[in-house]
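Trainee: There's a structure below that I have some questions on.
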Amino acid sequence: MASPIEDDVFERLCQKPDPAEEQKREREFNDRLHAQYQKSQSRLFEIIDDNTTRPTTISEIRVLHASHTRRDFLERIFNPLLSANRDGPYTLAEALADVSNATNKLQRFDIFKNPISIYLDKPDPADPSTTPTDIAIYISAQERGLYTVKTGTEVGHSEGNAFVNAQLRNLFGGAESLNAHASLGTRTRSAYSVGFDTPINSNPDLRFQLNGIASSTLKSWASHEEVVKGGDTKLRWLTPGGHQHEVGYSGIWRQITGLASNASPTVRNDAGDSFKSSISHTWTKDERDYPLLPSRGYLLKTVSELAGFGPLKGDVAFGKLQAETQAALPLGSGITFTAGLRGGLLYPLALGGSSNSAPLPSRLNDRIQLGGPTDVRGFRIGGLGPRDGPDAVGGDVYAAGGASLLFPLPRLGAETPLRIQAFINGGRLLALKGKGKDGNESTLNSMQRTLGALKDGLPSCAAGLGLVYAHPVARFEVSFSLPLVQRRGEAGRKGVAFGVGIEFL
């Protein structure tokens, strides 16, 4: 694994020569790299043209240009390829496949420019320490800039904002990153976050995150402003079968403040401070070809959260479970049919899990809201479900679904990310029925009655037409919607609406 070029890189990191000396050494370093590239390229076809089934041993691996990346970080990726770690026969075809897999793994850390180049070479035949089966591998990995700063504006979800994002890459030479975000907007009046992310054991599929957040959001549909401050930790991993998992802990202080003069008694009752201490797990299996505008494949996702139970403390206690599925089917000529379902419930618990205490009623901060341009179109944000006067106060149980036909625009074809969309969607959002105060059994019965009530009558639903654009960052929709079924008190929205997001029903 060791190499003279890499030794030079790490030696230069530890010293601080004068600028003239640094420039001289930089030129010498680049000249040696160029000579290595020419030599490798001239012999590349000679090696590959040989029988790919012949026995092969990898004598050395050199990663070039990775001047800010730690040696031990790279060794954990490439050491398994060295012949010393192999017990059985090894062919050239297997070597090329393993090198490609390791290089793809290196690319997924997002600290190197694309593409990463691979060069093969034969060792000097005059070297008595080499064998005829030996090959040397040179990997040219140009590092990305150490930082990125982006500014811009966003419009969507009935709001507009200006933002700045900053990212520091490869902080300690092991693909660590520090991300900071700040935004000011019309609805989310201010939002600040900072997050540290690092892979574990040089594995891009196993990562640890530590985040801090602070925000102030105007929730006009419920006549208040919510201030949030806190932090969370997350552990993420991806299994070989494509199952994504995320487990985490969060401690969040919430404050309902800035009440409107006509705020309902429900909102006034939940005003003030609360602290949520919770653990969560998210499982995702995403087999869609392009999640923002899928033409085939399926999505399965569950999100579970447990707050205020046992040692978690805080002053709210509940279990929340949500599930989502989506499927996309190509119909030919660029036409795609998509359908999706979502559902979930919030189950009140006794604080600390005490059997001697009654379950705490759910708070406005934690209850589920339904309606808006990214879930049930044709209704305002929070337009479905329980209301108290002018306010959408959320619910404890919900189900929603939708189906869409996506057509390519005439003359543009299916290759463009623009589609005409015809859709129908609907849902129900209910508060827990018959909430009692005689313990968990009563809460269980109430939850069963509420789940059964989801199928009573038609769901609130709407249909419409729109235009969809799938940008690499987010999906944009402009749609005309017409509510077809609307319950008393719910807030439908007939006409044109604009939505932007990464998850749509």
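Trainee: In the list 299, 259, 238, which residue meets the criterion of being in contact with a Lys or Arg (Cβ under 7 Å, 6 or more places away or on another chain), over 24 Å from residue 215 (Cβ atoms) and not polar (S, T, N, Q)? Talk me through it step by step, then tell me what you get.
Mentor: On the way: 259 fails: over 24 Å from residue 215 (Cβ atoms); 238 fails: in contact with a Lys or Arg (Cβ under 7 Å, 6 or more places away or on another chain).
Selected residue: 299, the only one of 299, 259, 238 that is in contact with a Lys or Arg (Cβ under 7 Å, 6 or more places away or on another chain), over 24 Å from residue 215 (Cβ atoms) and not polar (S, T, N, Q).
Trainee: State all residues of the range 365-386 that are outside any strand (DSSP E or B), closer than 28 Å to residue 315 by Cβ and within 26 Å of the chain's Cα centre (by Cα); if no residue qualifies, say none.
Mentor: Here is the first cut: in the range 365-386, the residues outside any strand (DSSP E or B) are 365-367, 369, 371-378, 380-383, 385-386.
With closer than 28 Å to residue 315 by Cβ added as a condition, the list becomes 365-367, 369, 381-382, 385-386.
Result: 365, 366, 367, 369, 381, 382.
Trainee: Is it the case that residue 256 is modelled with pLDDT of 95 or more, surrounded by fewer than 19 Cβ atoms within 10 Å (Cβ to Cβ) and not small (Gly, Ala, Ser)? Walk me through it before giving the result.
Mentor: Details: modelled with pLDDT of 95 or more: yes; surrounded by fewer than 19 Cβ atoms within 10 Å (Cβ to Cβ): no; not small (Gly, Ala, Ser): yes.
Answer is no for this residue.
Trainee: Hey, among 182, 162, which residue is more than 21 Å from the chain's Cα centre (by Cα), without any contact (Cβ under 8 Å) to a residue 24 or more places away in the chain and not assigned by the TED database to the domain that holds residue 393? Spell out the reasoning first.
Mentor: Details: 182 fails: more than 21 Å from the chain's Cα centre (by Cα).
On inspection, the qualifying residue turns out to be 162.
Trainee: Residues 323, 317, 358: which one is touching a strand residue (DSSP E or B) at 6+ places or on another chain (Cβ under 8 Å) and either over 24 Å from residue 249 (Cβ atoms) or surrounded by fewer than 17 Cβ atoms within 10 Å (Cβ to Cβ) (or both)? Can you show your working first?
Mentor: On the way: 317 fails: either over 24 Å from residue 249 (Cβ atoms) or surrounded by fewer than 17 Cβ atoms within 10 Å (Cβ to Cβ) (or both); 358 fails: touching a strand residue (DSSP E or B) at 6+ places or on another chain (Cβ under 8 Å).
Answer to the selection: 323.
Trainee: Using the structure shown, decide if residue 301 is within 27 Å of the chain's Cα centre (by Cα) and basic (Lys, Arg). Step through it out loud before you land on a result.
Mentor: Details: within 27 Å of the chain's Cα centre (by Cα): yes; basic (Lys, Arg): yes.
So residue 301 passes the test.
Trainee: Somewhere in the range 238-253, is a residue touching a residue at least 12 places away in the same chain (Cβ under 8 Å) and under 27 Å from residue 387 (Cα atoms)?
Mentor: Scanning the range 238-253, I find at least one residue that is touching a residue at least 12 places away in the same chain (Cβ under 8 Å) and under 27 Å from residue 387 (Cα atoms), so the answer is yes.
The values are calculated or read from the model by the stated rules, or taken from the named source; none is laboratory data. Every value quoted in this text rests on a predicted model; they were computed, and no experiment measured them. Cβ sites come from the backbone with ideal geometry, for glycine too, and all protein chains shown count toward neighbours.
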